[in-house]
Protein chains: 2
Amino acid sequence: MQIFEACGNTDIEGVDSTNACYGGTAALFNCVNWVESASWDGRYGLVVCTDSAVYAEGPARPTGGAAAIALLIGPDAPITFESKLRGSHMAHAYDFYKPNLASEYPVVDGKLSQTCYLMALDSCYKYFCHKFEKFEGKQFSVNDAEYFVFHSPYNKLVQKSFARLLFNDFVRNASSVDEAAKEKLAPFAALTGDESYQSRDLEKASQQVAKPLYDTKVQPTTLIPKQVGNMYTASIYAAFVSLIHNKHNTLNDKRVILFSYGSGLTATMFSLRLREGQKPFSLSNIASIMNIEKKLKSRHEIQPEKFVETLKLMEHRYGAKDFVTSKDYSLLAPGTYYLTEVDTMYRRFYSKKPKDASCENGTVENGH
Amino acid sequence: MQIFEACGNTDIEGVDSTNACYGGTAALFNCVNWVESASWDGRYGLVVCTDSAVYAEGPARPTGGAAAIALLIGPDAPITFESKLRGSHMAHAYDFYKPNLASEYPVVDGKLSQTCYLMALDSCYKYFCHKFEKFEGKQFSVNDAEYFVFHSPYNKLVQKSFARLLFNDFVRNASSVDEAAKEKLAPFAALTGDESYQSRDLEKASQQVAKPLYDTKVQPTTLIPKQVGNMYTASIYAAFVSLIHNKHNTLNDKRVILFSYGSGLTATMFSLRLREGQKPFSLSNIASIMNIEKKLKSRHEIQPEKFVETLKLMEHRYGAKDFVTSKDYSLLAPGTYYLTEVDTMYRRFYSKKPKDASCENGTVENGH
């Protein structure tokens, strides 16, 4: 809040929305609802989706990640909600959780989490299709949206997810399923839900059927998640940003469906309608300012051994007090805030890397 | 979520809003905004304000508490928001925080927290008055509201807070301040903000001036906080509930101003307008169903030694796994859910005390 305080702006609403990878989506909904509510006073809303996730040694470790994406919310936006088209699914599950408060590492059951994700996807899609039919008076199929964006812990799950929507369309006998597809999926028509989540043959057949549509409706959304890896609560917006980057000049009046998932579990499928919009809030200007290509190119590659060494330091410092950090900020982008110290009272202090390397900022005191 | 799942209702939005004692107010605003937004689908919203706060041995220990209050949000309510009349204050402070993840006990700086509370109150009141003037075209003073409800860590701070509003009115030369009051407060007119927070003489003089108005505008809101102690995020709603309990048959068309504070810090002053409403959602029916008198009478008194013993057990179990709880639920109200077990994977299991003691419920499995 110090950034706002420095500008004399303390009349602010909205606090942390916490729910694993879904937290950013919950904050987004809260913020959009605020703008639509009677208490809105005309100012922009700001959503920050941020996460830092690391794993103990083992197969999950490479799926860790840290990221932040900020969204500006206001009227006359080029990206608008089709608010009535929304399906959510909440259930109680221990697929991924952080119960050991002395450790930053979560407990994760990868197989269960994948099934939870697909079950939540099915449930959200069912509610979504139901609402579409109620408001549009016709059945929904994947043909009714130009693009599909998924929370992307890893790309394989995105492929499975889109194929799963096709399978749902097949089961509902929707218009997106042609005769060839029906023939390929027919052997799986009688599977129970549980069987269908476990069937490798269905996975293979549905992905084969979905491939051409995947290439046009999903592939343009996968650039950043594939290049950067899991970004947790920012992940789905990194996928959406990939679409803006790749297709900004052809998105006018297009419908994009997003699926957000957070372990524990909460999930929502929702619909956005895009239009080019007016500068500075035009899609092409947004794409230009994001400058994804440059950001991807400016990444630094480090060796796994260095990553492991960093995690060891983090283990030591997690929840700790009375330490100062190394002052080496050479890898940070200009303007980045970074932790300098945690004092004996656990209070945290930050500094900001100068935008112009010739001028140094003082330490920002965090507290009193 | 298992209660909702059991009814086949999983299409739910809204996740945890986290911000110390302000969390419930943030959830309330989110929920009301949802009902006012385009994505609302006609269902009721539910806000649960809940907290459990304990302190290490020392002077703060008696101010611990645990509570839950639930609010039902929907259209045509007898309690409505005056949404344009709202002032918030967010700032960065280490007045109360929980940095040691291995312990349930917070770090608290009581003196700093009290000053933070009063500073936030001043700032919120300033914004609130400004908005009132903008929308109503006249200056606000405490005379423009029938009742004032404060977040109530302890009653002394509530008394100080209301007196502080009077002092603010005096400084702004508002209509609530008569000549006698002006005379008493005049010696403090030139104090700086910091001096005014520290001045015992001002505290005494302003409370003396405020006393008659306090008795009519605040005292009816203090019953539950005084009887039960700090309820943290539920505290302000416990104060508001005291008002409904005490005054439900005289509240029609009355304005009530609430001040919610959460350490860290976030605070909002907001305005509610009450009307009797239609049964079942009438104020008198709400008062009758809450049955505060019976609830206060049904409390169980335990000795401090027993409380300390319970805290010792909690210290042992905080963040722990692989334990079962005692099955003695004699002190719980019928229908209460309670923890029975935390397994080796840290998964938690609950049971429910039967409503009719002759029938036992099975354990509710929490997860898969």
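Structure summary
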quantity	calculated
Averaged over B:36-42, number of beta-carbon atoms from partner chains that fall within 10 Å	6
Nm distances between copies for residue A:66, ranked from closest, using label points 7 Å along Cα→Cβ	3.5
Peptides ranked, highest mean first, by Cβ atoms within 10 Å: ranges B:295-305, B:343-353, A:140-150, A:230-240	A:230-240, A:140-150, B:343-353, B:295-305
For chain A, built as a Gaussian network whose Cα springs stay under 10 Å, the top-fluctuating residue of A:339, A:72, A:202	A:339
Directionally averaged projected area (convex hull, Cα atoms, the stretch A:187-284), nm²	8.3 nm²
A:115, B:268 arranged by Cβ crowding within 10 Å, fewest neighbours leading	A:115, B:268
Sequence-separation-based contact order of the stretch B:17-297, relative, with Cα cut under 8 Å and 6+ spacing, percent	28 percent
Dipole magnitude (debye, nearest 20) for the stretch B:17-297, charges at Cβ of Lys, Arg, Asp, Glu	420 debye
Too-long pairs where the Cα-Cα distance tops 24 Å, listed order kept, from B:138/B:254; A:111/A:217; A:84/A:182; B:160/B:184; A:126/A:160	A:111/A:217; A:84/A:182
Charged-residue dipole, Cβ positions (Lys, Arg, Asp, Glu), the stretch A:224-350 about Cα centre, Debye nearest 20	500 debye
Surface/4 estimate of mean projected area, convex hull on alpha-carbon atoms of the protein assembly as shown, nm²	35.4 nm²
Dipole of the stretch B:17-297 [Lys/Arg +1, Asp/Glu -1 at C-beta], most positive-end residue of B:237, B:115, B:223	B:223
Across the identical copies, how the residue B:111 labels are spaced - nm, sorted shortest first, 7 Å along Cα→Cβ	6.0
Debye, to nearest 20: dipole size of the protein assembly as shown, +1 on Lys, Arg Cβ, -1 on Asp, Glu Cβ	440 debye
Cβ-vector label at 7 Å, residue A:80, separations to other copies in nm	2.8
Convex hull volume per residue for the stretch B:17-297, taking Cα atoms only, in Å³	142 Å³
Qualifying aspartates and glutamates (Cα of each under 12 Å from Cα of residue B:353; at least 8 residues distant if same chain)	B:328
Given charges at Cβ of Lys, Arg, Asp, Glu: the stretch A:2-297 dipole, positive-most of A:196, A:77, A:40	A:196
Normalised contact order of the stretch B:96-226, rounded percent, pairs of Cα under 8 Å and 6 or more residues apart	25 percent
Listed residues A:262, A:304, A:49: farthest to the positive end of the dipole of chain A (Cβ charges)	A:304
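Values in this text are rule-based calculations from the coordinates and carry no lab data. Here the structure is a predicted model, which is why all the values come from computation and not from measurement. Backbone-built Cβ (ideal geometry, glycine too); neighbour counts: all protein chains shown.
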